[in-house]
1. Would you check which residues across the range 370-393 are of a type in the set (D, E, K, R) and either open to solvent by less than 30 Å² (accessible area, probe 1.4 Å) or out of contact with any helix residue (DSSP H, G or I) (no Cβ under 8 Å at 6 or more places or on another chain) (or both) and list them?
2. In contact with a helix residue (DSSP H, G or I) (Cβ under 8 Å, 6 or more places away or on another chain), surrounded by 16 or more Cβ atoms within 10 Å (Cβ to Cβ) and touching a residue at least 12 places away in the same chain (Cβ under 8 Å): does that describe LEU136?
3. Conditions: (1) within 34 Å of the chain's Cα centre (by Cα); (2) not in a helix (DSSP H, G or I). ASP232 meets all but one. Number of the miss?
4. Determine whether the range 311-318 contains at least one residue that is outside any helix (DSSP H, G or I), under 28 Å from VAL382 (Cα atoms) and touching a strand residue (DSSP E or B) at 6+ places or on another chain (Cβ under 8 Å).
5. Residues that are in contact with a strand residue (DSSP E or B) (Cβ under 9 Å, 6 or more places away or on another chain): which strands (runs of 3 or more DSSP E) entirely in the range 341-394 hold 3 or more of them?
6. Of (1) surrounded by 16 or more Cβ atoms within 10 Å (Cβ to Cβ); (2) touching a residue at least 24 places away in the same chain (Cβ under 8 Å); (3) closer than 30 Å to GLY100 by Cβ, PRO244 satisfies all except one. Which?
7. Being in contact (Cβ under 8 Å) with a residue 24 or more places away in the chain, over 24 Å from GLN267 (Cα atoms) and not hydrophobic (A, V, I, L, M, F, W, C) is the filter here; which residues of the range 277-333 pass it?
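The values are calculated or read from the model by the stated rules, or taken from the named source; none is laboratory data. None of these values were measured; they are calculated from a predicted model. Heads up, the Cβs are rebuilt from the backbone with ideal geometry, glycines too, and the neighbour counts pull from every protein chain shown. Remember, those area values only see protein heavy atoms, side chains included, never the ligands or the DNA or RNA. Shrake-Rupley method; radii C 1.70, N 1.55, O 1.52, S 1.80 Å.
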Amino acid sequence: MTDPVSSGSYSSKTAEYHDTPLRRKSRTWIWVAAALVVALVVYLAMRHRDDPAQSAQSGQAGGRSGQGGGGGARGVAGPVTINTATAKQGDLGVYLTAIGTVTPVYTSTITSQVSGMISAVHYREAQLVRRGDPLLDIDPRPYQAQLKQAEGALEKDTHVLEQAKMDLDRYQKAWSRNAIAKQLLDDQEKIAAQNEGTVKNDQGVVDFDRVQLGYCHIVAPFDGKVGLRLIDPGNVVQANSTTPLVVVTQMQPITVVFTIAEDYLGQIQAHMQKNPLNVDVFDRALATKIASGKLTAVDNQIDTTTGTVRLRAQFDNRKNELFPNQFVNTRLLVNTLQNVTLVPTSVIQHNGATTFVYVIQDNVAHTQNVKPGVEDAGVTQVEGIKPGDVLANSSFERLRDKAPVKITNAPVQAPATANQSAP
């Protein structure tokens, strides 16, 4: 007979006996995986620690290579590659630059000189008009009636004057025959004179009414351009009102008013007596030339608050390049230097108060002090070198006196900066 208790115990021990190898095998794999992870971490840590050292060693090796191979700016063993420019002989203009304002020669703000209703507007907005072209009409009927009334009074008083002169002629003949008293003749002379005064007064009234009637028809006072429409048909205007009806501006020719320092006034006046000075007008950026003209006038007094004097230059403006009240940059040609030595401004170097250039002779750079003068459009007049001298125009950070050079027309690569690695 089998003991249940002993049978159950036997089964439990048998299960434990079979599970123990499985647990041991799984624990072994866990320990292996953990060991691999630790080894990987140690490997990465060691590699990370070695990288800075290798970078430093490679940097030091690169530095020694650069010093030995000519990579430094001052420790160059080989020739410096440069671009060159040649000094030339020529003429250079002396200019004064100033800010100016485009100012029309004539600007007319037309207002009404009579009262009435606008009957017609003849112009279009921004229209170019000629002198005498109709612009506006004011209802003329009241002024036509006044003119007829004045003409009627003139005609009546003219006939009265003629009658008085006829009577005066009769009295003179009668007086010559002693037929009338002298008093009658004198009275008739005064009556005729009074009628003459009346006729003159009537004539003045007629002329005035004709002028008033002419004010009803407004025409362009000169050739120019009208602005935007300021009034419409049917509007009522008042005589001598400050409200403008239309604005006409002359466009051709047009002027530019600008100011210069009083120090240049004597030089400008001396050259104006010989020939009119040229004035060029540029845009605000001084990049695009707009027009060329002549200096026409200098103001008669200096502004004491700014120490400047105003000048006016005139331009044909045939293509309407200049617009009234436009701000422009002006360049006044004061003088022209002839047969001087000219070099690109970029070849000139500065060391404190010393100004010098690198003169290239036999592929060697030589320092030469110069005295710069007038500069215009990237060209400078200098003294101290001769026309035909070849000058360095690049790689100044690597050049020094008596340094060997290699001339090339290709652009020189800029030196490496702190944020760039040298090639």
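1. If we filter the range 370-393 for residues that are of a type in the set (D, E, K, R), which is where we start, we get 371, 375-376, 383, 386, 389.
Of everything in the range 370-393, those that are of a type in the set (D, E, K, R) and either open to solvent by less than 30 Å² (accessible area, probe 1.4 Å) or out of contact with any helix residue (DSSP H, G or I) (no Cβ under 8 Å at 6 or more places or on another chain) (or both) turn out to be LYS371, ASP376, GLU383, LYS386, ASP389.
2. Details: in contact with a helix residue (DSSP H, G or I) (Cβ under 8 Å, 6 or more places away or on another chain): no; surrounded by 16 or more Cβ atoms within 10 Å (Cβ to Cβ): yes; touching a residue at least 12 places away in the same chain (Cβ under 8 Å): yes.
So LEU136 fails the test.
3. (1)
4. Checking the range 311-318: not a single residue is outside any helix (DSSP H, G or I), under 28 Å from VAL382 (Cα atoms) and touching a strand residue (DSSP E or B) at 6+ places or on another chain (Cβ under 8 Å).
5. Working: elements: 349-351, 354-361, 364-369, 371-376, 379-383, 390-392.
Ranges flagged: 354-361, 364-369, 371-376, 379-383, 390-392.
6. For PRO244, the exception is condition (1).
7. Once the filter is applied, which keeps residues that are in contact (Cβ under 8 Å) with a residue 24 or more places away in the chain, over 24 Å from GLN267 (Cα atoms) and not hydrophobic (A, V, I, L, M, F, W, C), the range 277-333 yields ASP283, ARG284, ASP316, ASN317, ARG318, ASN320, GLU321, PRO324, ASN325, GLN326.
To keep it simple, each residue is scored yes or no on (1) farther than 20 Å from LEU128 by Cβ; (2) of a type in the set (A, V, I, L, M).
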{"residue": "SER241", "(1), (2)": "yes, no"}
{"residue": "LEU245", "(1), (2)": "no, yes"}
{"residue": "PRO253", "(1), (2)": "no, no"}
{"residue": "ASP263", "(1), (2)": "yes, no"}
{"residue": "ALA285", "(1), (2)": "yes, yes"}
{"residue": "THR288", "(1), (2)": "yes, no"}
{"residue": "SER292", "(1), (2)": "yes, no"}
